[in-house]
Amino acid sequence: PCLTCLHSPVAERTGKVLGEFCRCYREQYGVALFNSVRYEIEGNGGPQAQLLHRKVPLEDHVIYSGNLFQYIEENKKWRNRFCVVPHNYGLVLYENKLAYERDMPPRVLVNSAGYKILTSVDQYLELVNSSLPGVTPKSGHSPILKCPTDFPLILWHPYARHYYFCVMTGKEQEKWRAVFQDCIRHCNNGIPEDSKVEAPAFTDAVRMYRQAKEQYGTWDMLCGNETQVLSNLVMEELLPELRTTIGARLKGKAPERQRTWIQISDAVYRMVYEQTKAQYDAVMAKCEEERPQLESTIRTDMDQIITSKEHLASKIRAFVLPKAEVCVRNHVQPYISSILEALMTPTSQGFAEVREVFFKEVTDMNMNIVNEGGVEKLAEYMEKLSHLAFHPVKMQSCYEKMDQLKLEGLQQRFDVSSTSVFKQRAQIHMRQQMDDAVYTFETLLHQELGKLQGKDDLCKSIQRILERVLKKYDYDSSTVRKKFFREALLQITIPFLLKKLAPTCKGELAKYQELIFEDFASFILVENTYEEVVLQAVMKDIMQAVKEAAVQRKHNLYRDSMVLHNSDPNLHLLGEGVPIDWAEEHGGHPDTEPAPDKRRRAKQVVSVIQDDEGVLPYEVGAEGLLQPRSPEPGAPPSSPDGVREIREALAKESARVQCVTPASPIPGADGPLGDRVPHATPASPKPRADDVPSGAGEPPTTPASPGAEPLSPPAGMACHQPSDKETGEEVTPLGGECSPPQPAGTTESSEGVQTEF
């Protein structure tokens, strides 16, 4: 089918959907602005956090880099690519490591919002077969994709193009999977949370739009930035029509038709994306232009607006609340405790694992300092510890606890399409709490350093500060989890109640519009007020359920009545200071390296597993990969598994490290600490809400395997990093110097730059 022929109907349908959405958005913008100003005036914040919050966690850092194979669809070959994951979690693919080091433009940029990472070709084929009903390859026919190794990594999206990778070992696959999953998790959370007006206006507008189409419940494709979410909203309606009109006209064997369908879907998605971005940017600009006048009206007439809204709410409450309470009593209340228990068990296990990992890393660092020379090694370890929360592999044991989350029959009863929304939200909270704990530890230790004398003082101080931070963590994690449980329960039950009440209540709401003064119509909406009344009907039961869970202390939750008074009144002032540069302040001797070399050498969060192009050839077809491979002369050994091999590797590594300055990262270190001293590490004491673990431990049993020197972007890398707001707009054409950015929707041949949103 001709894509040009699709442009007009796609543009027409996109314009229609966006027109309806933008009307919803402008209505919700006024309500969100009023709520924001009211909150600013009245306050009413929750418990004060005990841990500090880092403002810019990963500036100038690379999360991960290394080699993997990518399948190039245009020439049907597998080629080696050097992949870099910068601080904004875009996937940046270079021709090879040399191209990256020479600051050449990348081949591909991928924003992974909305993608799923698959590690099985069978999983992928199942999804592809279901995307185009009636088109399934017959037995014996070649499938759409063959992987030359047993370790594939496939990025699948319901609308956009798919990306195919593979690696040579299971260990590499596990590490890359953790990295990709972290990218997806971060990019899915693309709507800025610090936006107090635009973000709530946008999410409420999406919800209102879908509810008007009788689509209640959670939505899996609320992923990415606003333009990506809106593109998904359009595609959700557009794709079934395209499948019906185009699917029957596709020619060729089943795999070829599937491949063509994926390409058509991707091309349409790009058309939709470009149109959506232009229209959404226009409505945003219009709202920003009107904001000063709206805000002035709100501040002048705040009391009258509140009075008018309360009058409207009282009338709606009298009509709706009796019906809502019966519905809650019969259909929701009996299941709240079951939903809460299903949420609490994996979430609390995940937060307990965050605590355990933090305790272990700090204790290992303390013991390594005892064995390796005190303050001189502190900078090296603290530089790595400071990025613990952003280490996908070390955090994986925390994240995977949420995989146990299952709502079973409750999921169908309450129209929850998937638990992924709750899993990812809890995992983001885990990462944030880990970074807050690490940053608080850093800040307190940095404050103490000037008073310490000798190694013993340093180790005692580290242990004392660790205990203080763990107590603060227990309090904050309890607060965060209770808030998460309340929000999740509301997210599950409110759409269910609205759907149940719609036949008897929705049609009667129009008559309440006359109760709103025309001057205040931008800030008070009948639909929003109705939802607030429904929320009040179930909120009491939800609050009571969470409160009872805290009283039972089954999941180490503090009671609401327990307030941890801040024992460090000046701590939050310390957190406002200049970020700590451990390498510069406590590296042991001055840094005389040129800035570009220093930047290239430093600061990669995860070490590289395999970075040798002798092992991963630059270009090879599938046939070449399937051949057994003998070690090449000079190729690095595989990761040691036995005790003897580990000891030999340690001896070699120890000799090599003598040449490394204390400020430089340990080559091949697998994580923030790069532990190399074989001792046993104790588990951290199981926390209670009213006690604090104490006692130092020993370093870990398994050292990191030797690997390649960690990387950070060379000077000028910023030119090729995907932008924080929208990956895919900062790609330069081949030719060296940076030229004006290309449109996000362009796709070139395998020899040019492929761009993803």
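The values are calculated or read from the model by the stated rules, or taken from the named source; none is laboratory data. What you see is a predicted model, and the numbers here were worked out from it, not measured in a lab. Ideal geometry is used to build each Cβ from the backbone, glycine not excepted, and the neighbour counts take in all protein chains shown. The accessibility values were calculated without ligands, DNA or RNA, using every heavy atom of the protein model including side chains. Shrake-Rupley method; radii C 1.70, N 1.55, O 1.52, S 1.80 Å.
Measuring nothing but protein heavy atoms, the accessible surface of the range 437-554 at 1.4 Å probe radius is 49 percent carbon and sulfur.
Quick check on my link table: of Lys483/Lys554; Lys175/Lys401; Lys406/Lys506; Lys196/Lys547; Lys55/Lys377; Lys77/Lys253, which ones sit more than 24 Å apart, alpha carbon to alpha carbon? Mind showing how you got there, number by number?
Values: Lys483/Lys554 17 Å; Lys175/Lys401 17 Å; Lys406/Lys506 32 Å; Lys196/Lys547 28 Å; Lys55/Lys377 26 Å; Lys77/Lys253 20 Å.
With Cα atoms farther than 24 Å apart: Lys406/Lys506; Lys196/Lys547; Lys55/Lys377.
Grab the other residues whose beta carbon is less than 13 angstrom from that of Glu295, score K and R as +1, D and E as -1, and report the net. Before the final figure, lay out each step's value.
Working: positive: Arg38, Lys196, Arg291, Arg299; negative: Glu40, Glu288, Glu289, Glu290, Asp301.
With Lys, Arg at +1 and Asp, Glu at -1, the net is -1.
At R0 = 41 Å, how high is the FRET efficiency between Phe517 and His53 if r is their beta carbon distance? Nearest 0.05 is fine. Could you put the intermediate results ahead of the total?
Values: r = 41 Å, r/R0 = 0.99.
The computed FRET efficiency comes out at 0.50.
Heavy atoms only, probe 1.4 angstrom, no DNA, RNA or ligands counted: give me Asp403, Asp476 ranked by accessible area, highest first.
Details: Asp403 80, Asp476 10 Å².
Output order, biggest surface exposure first: Asp403, Asp476.
Counting only protein heavy atoms and a probe of 1.4 Å, the accessible surface of the range 225-335 is 52% carbon and sulfur. Calculate the length of the line joining the C-alpha centroid of the range 190-222 to that of the range 145-185, in whole Å. Each part's Cα centre sits 30 Å from the other's.
Rolling a 1.4 Å probe across the protein heavy atoms gives the range 1-105 an accessible surface of 43 Å² per residue. Sorting Asp194, Asp436 by accessible area puts them as Asp194, Asp436; the probe is 1.4 Å, largest comes first, and only protein heavy atoms count.
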